[in-house]
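K.L.:
Structure provided below as structure tokens; questions to follow.
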Amino acid sequence: MSFLINNREPVYLQVVRYFKEQIATGELTAGQEIPSRRELASLLKINPNTAQKAYKEMEEHGLIYTERNFPSRITTDKKVLNGVREELIQEAVNAFIQAIKPIQVPVDELVDIVKKNYQTEKK
Amino acid sequence: MLEVKNVTKKFGRKRVLDGVSFTANKGEITCLIGINGVGKTTIMKAILGLTPINGGEILIDGEKLTKSTYEKLTFIPDALAMLPNLTIMQAMDFMADFYDSWNQDRADELLQFFKLNEEDRISTLSKGNTAKVNLLLGLAQDADYVLMDEPFSGIDIFSREQIANVFTSHLIEDRGVIITTHEINDIEHLIDKVVVLNNGSVYKEFNAEDMRINEGKSVVDVLREVYIP
Amino acid sequence: MKRYLKLVNLEVSRVAKVLLGGLAAVFIIQMIGVWITANQYMKNANEVIMGGASAQSILDGNYYMSMLSFSNTIYLSGPVALCAGAVFFYIFLIWYRDWNGKNTFIYRLLMLPTARLSVYFSKATALMILIFTMVAAQIAFLKIESSFMDLLVPTEYIMETTVPQIANHDFILRYVIPSTFTEFILYYGGGFIILTVLFSAILMERSFKWKGLLLGLLYIAAAVLLSLSPILVLVVLDYADYFYESELLYMFIASSVITGALSVWVSHYLLNKKVTV
């Protein structure tokens with residue numbers, strides 16, 4: 001797993017976002033087992049207490065669930081899983097809109113540029 | 001919990017430590033940071049009874065240091081704390097001889113982890129490998145508190161990575177770690193608490209993650225505040 | 001106790017190689033010395049005979065060869081003096097070697113879960129073991145050297161001597177291999193007390209650096225005065241004549257033992273409260 005860490009943003013949130021991205025792209029599937037907090041800390045090179053915090057956050061948001069004495073798993077709740085994808089898309093789009101607003105580009109022109117760049121990106 | 005309470009220490013006329021207070025908890029990694037000469041190593045040595053203090057007190061789990069405290073308090077200094085003409089195996093035997101808390105299984109695990117050969121004479125090892133031996137001798141003890149002084153200093157980048165890996169492994173599990181370092185980049189996201197020292201006292205004591213959450217600042221940002229006002 | 005013994009073992013094994021090498025060197029030099037002095041004698045004897053005298057006249061003149069002639073030569077006394085010097089040097093080295101830049105073994109010694117006084121006594125004990133090993137070796141050497149001399153000089157010219165006789169005749173060995181038990185206790189007991197005083201001075205230097213060095217030197221002077229104090233007091237008060245020599249000796253022993261005990265206590269205090277790495 002490659003994981004770039006921003007030193008100013010709370011690490012646990014970066015971890016949560018990372019998991020959301022993995023869910024959105026289907027890398028992590030419903031019900032899939034995830035590493036223990038210590039394994040995760042080791043993989044991502046973060047403090048185990050931070051990994052713990054991330055898991056707690058995800059548990060609270062229903063992204064993962066833990067049965068007693070079993071490793072944690074990604075939720076099987078379809079609504080939540082789709083919601084994650086939605087959430088990330090919205091987040092990225094809103095960020096883009098905020099950035100581009102001051103330049104005052106007409107929406108159609110914008111969509112064309114986006115389409116074109118997206119195609120070239122894919123290549 | 002390890003408590004440093006209002007510790008003062010003079011070297012000749014100079015007050016190197018002038019009322020230093022902070023705590024370190026088990027299960028957390030506490031990092032002492034400050035410029036060269038601010039007294040980080042002095043505090044470590046004071047905690048370990050390797051240098052006397054002029055005032056204040058240091059309590060380990062509520063008690064002052066005695067000889068039995070050394071079973072639960074281990075030090076990994078920046079120089080080898082062993083006879084260099086011994087082989088790694090002989091050094092481990094020495095530790096096993098003197099410390100009840102010596103855990104040979106863990107020592108063997110560390111040998112593997114660091115890819116060291118126990119037949120090697122310590123004096124023949126590279127700087128990086130000597131540092132790893134030092135770490136091994138300290139970590140293989142079932143100590144509650146591990147104090148490390150500049151574990152990354154002068155070490156090549158790959159050895160540094162290996163050493164940093166120790167912090168996330170079960171080898172540190174539930175132990176209280178106090179570390180001094182300049183290489184904050186290696187461990188910025190590995191540490192729990194930061195204690196910034198300046199002019200003989202604690203400028204700030206904070207939790208790294210909380211600082212990111214509450215103020216959006218990295219540890220380096222806080223350091224900049226101290227040294228570049 | 002167990003840890004103290006382990007430390008003694010460690011200290012002794014650290015110096016064992018040097019000890020063995022040193023003893024070998026002593027033996028070789030002394031044997032060479034026997035060879036040289038024996039041959040010198042034979043050369044002289046032969047010259048005398050060549051000059052016309054009879055072998056008997058040599059014997060009548062009590063011009064015997066013995067190990068006594070060998071004693072007080074540089075070949076015998078020299079190595080002994082060097083060994084004594086080496087031991088004196090090691091009294092300091094045994095501490096300072098653990099403190100030097102590359103070898104910071106003192107960290108480990110001070111962080112052992114054992115009373116620091118064990119570290120102190122292990123070093124003192126190791127030195128005593130070192131000394132006694134040398135003495136025992138020297139005794140054995142003298143025996144071998146005597147036999148060697150018997151090979152080099154015809155029997156009629158040899159006067160047999162015992163080890164105590166040889167030792168007593170040599171101005172250094174008489175103290176190293178004393179002829180009476182009392183002397184043994186005095187010299188070696190006294191030596192041990194000197195060791196404790198020096199250890200205290202060393203620890204003072206290690207605790208306070210330059211000030212400590214000064215303090216250490218002052219302490220040595222004070223220790224000497226303290227040991228001699230009963231006698232000094234009596235001399236000053238002019239009461240010395242009232243006491244037998246043996247009584248003065250006992251007083252001296254008592255005050256020396258007190259000095260030694262004080263030194264151990266001072267070392268204990270410094271090692272636990274003041275020493276710094």
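The values are calculated or read from the model by the stated rules, or taken from the named source; none is laboratory data. Every value quoted in this text rests on a predicted model; they were computed, and no experiment measured them. Cβ atoms come from the backbone with ideal geometry, glycine included; neighbour counts cover every protein chain shown.
K.L.:
Taking helices (runs of 4 or more DSSP H) that do not extend beyond the range B:1-117, which have at least 3 residues that are in contact (Cβ under 8 Å) with a residue 40 or more places away in the chain, within 14 Å of another protein chain (Cβ to nearest Cβ) and not aromatic (Phe, Trp, Tyr)? Can you show your working first?
P.N.:
On the way: elements: B:40-47, B:88-98, B:104-113.
In the range B:1-117, B:40-47, B:88-98 are the helices (runs of 4 or more DSSP H) which contain 3 or more residues that are in contact (Cβ under 8 Å) with a residue 40 or more places away in the chain, within 14 Å of another protein chain (Cβ to nearest Cβ) and not aromatic (Phe, Trp, Tyr).
K.L.:
Tally up the residues in the range A:34-73 that are over 13 Å from residue A:15 (Cβ atoms), within 11 Å of chain B (Cβ to nearest Cβ) and in a loop (DSSP other than H, G, I, E, B), please.
P.N.:
Final tally of qualifying residues: 1.
K.L.:
Looking only at the range B:164-193, which residues are under 20 Å from residue B:74 (Cα atoms) and more than 12 Å from every other protein chain (Cβ to nearest Cβ)?
P.N.:
Across the range B:164-193, the qualifying residues are B:176, B:178, B:179, B:180, B:181.
K.L.:
Counting just the residues of the range B:17-32 that are more than 18 Å from residue A:46 (Cβ to Cβ) and in contact with a Phe, Trp or Tyr (Cβ under 9 Å, 6 or more places away or on another chain), which one comes out surrounded by the fewest Cβ atoms within 10 Å (Cβ to Cβ)?
P.N.:
Going through the qualifying residues, I end up with B:26.
K.L.:
Residue pairs, Cβ under 6 Å, 6 or more apart or interchain, first in the range A:62-75 and basic (Lys, Arg), second not in a strand (DSSP E or B). List them.
P.N.:
A:73/A:31
K.L.:
For the range B:145-162, does any single residue satisfy the condition of being in contact with a Pro (Cβ under 9 Å, 6 or more places away or on another chain) and hydrophobic (A, V, I, L, M, F, W, C)?
P.N.:
Yes, the range B:145-162 has at least one match.
K.L.:
Among the candidates B:128, B:154, which residue alone is on the phi > 0 side of the Ramachandran plot, at pLDDT below 95 and away from chain A (no Cβ under 14 Å)? Break it down into steps so the answer makes sense when it comes.
P.N.:
Values: B:128 fails: on the phi > 0 side of the Ramachandran plot.
That would be B:154, the only listed residue that is on the phi > 0 side of the Ramachandran plot, at pLDDT below 95 and away from chain A (no Cβ under 14 Å).
K.L.:
Across the range A:1-33, which residue is surrounded by the fewest Cβ atoms within 10 Å (Cβ to Cβ) among those that are within 8 Å of chain B (Cβ to nearest Cβ) and among the β-branched types (Val, Ile, Thr)?
P.N.:
Filtering the range A:1-33 for residues that are within 8 Å of chain B (Cβ to nearest Cβ) and among the β-branched types (Val, Ile, Thr), the one surrounded by the fewest Cβ atoms within 10 Å (Cβ to Cβ) comes out as A:5.
K.L.:
Take the range A:47-102 and flag every residue that is acidic (Asp, Glu) and more than 16 Å from the chain's Cα centre (by Cα).
P.N.:
Keep residues of the range A:47-102 that are acidic (Asp, Glu), which gives A:57, A:59-60, A:67, A:77, A:86-87, A:91.
If the condition is that a residue be acidic (Asp, Glu) and more than 16 Å from the chain's Cα centre (by Cα), then A:67, A:77 are the ones that fit.
K.L.:
Of the residues that make up the range B:157-166, is at least one surrounded by fewer than 21 Cβ atoms within 10 Å (Cβ to Cβ), within 20 Å of residue B:218 (Cα to Cα) and among the aliphatic types (A, V, I, L, M)?
P.N.:
Yes, because at least one residue in the range B:157-166 is surrounded by fewer than 21 Cβ atoms within 10 Å (Cβ to Cβ), within 20 Å of residue B:218 (Cα to Cα) and among the aliphatic types (A, V, I, L, M).
K.L.:
Among helices (runs of 4 or more DSSP H) lying entirely in the range C:93-211, which contain 3 or more residues that are within 14 Å of another protein chain (Cβ to nearest Cβ) and at negative phi?
P.N.:
It comes to C:105-110, C:116-152.
Conditions tested, residue by residue: (1) surrounded by 15 or more Cβ atoms within 10 Å (Cβ to Cβ); (2) modelled with pLDDT of 95 or more.
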{"site": "C:111", "(1), (2)": "yes, yes"}
{"site": "C:135", "(1), (2)": "yes, yes"}
{"site": "C:140", "(1), (2)": "no, yes"}
{"site": "C:146", "(1), (2)": "yes, no"}
{"site": "C:149", "(1), (2)": "yes, no"}
{"site": "C:154", "(1), (2)": "no, no"}
{"site": "C:162", "(1), (2)": "no, no"}
{"site": "C:170", "(1), (2)": "yes, no"}
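K.L.:
While we're looking at this one, here's another question. Can you confirm whether the range C:255-263 contains a residue that is part of a helix (DSSP H, G or I), within 14 Å of chain B (Cβ to nearest Cβ) and within 30 Å of residue C:105 (Cα to Cα)?
P.N.:
The answer is no; no qualifying residue exists.
K.L.:
Further question on the same structure: Kindly check whether there is at least one residue in the range C:57-76 that is farther than 30 Å from residue B:79 by Cα, touching a residue at least 40 places away in the same chain (Cβ under 8 Å) and more than 35 Å from the chain's Cα centre (by Cα).
P.N.:
Yes; the residues of the range C:57-76 include at least one that is farther than 30 Å from residue B:79 by Cα, touching a residue at least 40 places away in the same chain (Cβ under 8 Å) and more than 35 Å from the chain's Cα centre (by Cα).
K.L.:
Any chance you could count how many residues in the range C:1-28 are surrounded by 16 or more Cβ atoms within 10 Å (Cβ to Cβ) and of a type outside the set (Gly, Ala, Ser)?
P.N.:
Qualifying residue count for the region: 14.
K.L.:
Which of the residues belonging to the range A:1-33 are aliphatic (A, V, I, L, M), assigned to a helix (DSSP H, G or I) and touching a strand residue (DSSP E or B) at 6+ places or on another chain (Cβ under 9 Å)? Let's see the steps before the verdict.
P.N.:
Going through the range A:1-33, the residues aliphatic (A, V, I, L, M) turn out to be A:1, A:4-5, A:11, A:13, A:15-16, A:23-24, A:28, A:30.
Next, only the ones that are assigned to a helix (DSSP H, G or I) stay: A:11, A:13, A:15-16, A:23-24.
A:23 - this is the single residue of the range A:1-33 that is aliphatic (A, V, I, L, M), assigned to a helix (DSSP H, G or I) and touching a strand residue (DSSP E or B) at 6+ places or on another chain (Cβ under 9 Å).
K.L.:
Now for a separate question. Under 28 Å from residue B:6 (Cβ atoms), among the β-branched types (Val, Ile, Thr) and more than 13 Å from the chain's Cα centre (by Cα): does that describe residue B:133?
P.N.:
no
K.L.:
Mind listing whichever residues of the range C:4-55 are without any contact (Cβ under 8 Å) to a residue 12 or more places away in the chain, under 33 Å from the mean Cα position of the chain (by Cα) and farther than 30 Å from residue C:105 by Cα?
P.N.:
Answer for the range C:4-55, where residues must be without any contact (Cβ under 8 Å) to a residue 12 or more places away in the chain, under 33 Å from the mean Cα position of the chain (by Cα) and farther than 30 Å from residue C:105 by Cα: C:28, C:40.
K.L.:
Kindly evaluate residue C:92 against the criterion of being modelled with pLDDT of 95 or more, farther than 30 Å from residue B:48 by Cα and surrounded by fewer than 16 Cβ atoms within 10 Å (Cβ to Cβ).
P.N.:
No; evaluated as a whole, the condition is false for this residue.
K.L.:
Taking into account only those residues within the range B:118-133 that are touching a residue at least 12 places away in the same chain (Cβ under 8 Å) and of a type in the set (Val, Ile, Thr), which is farthest from residue B:91 (Cα to Cα)?
P.N.:
Among those residues, the one meeting the criterion is B:130.
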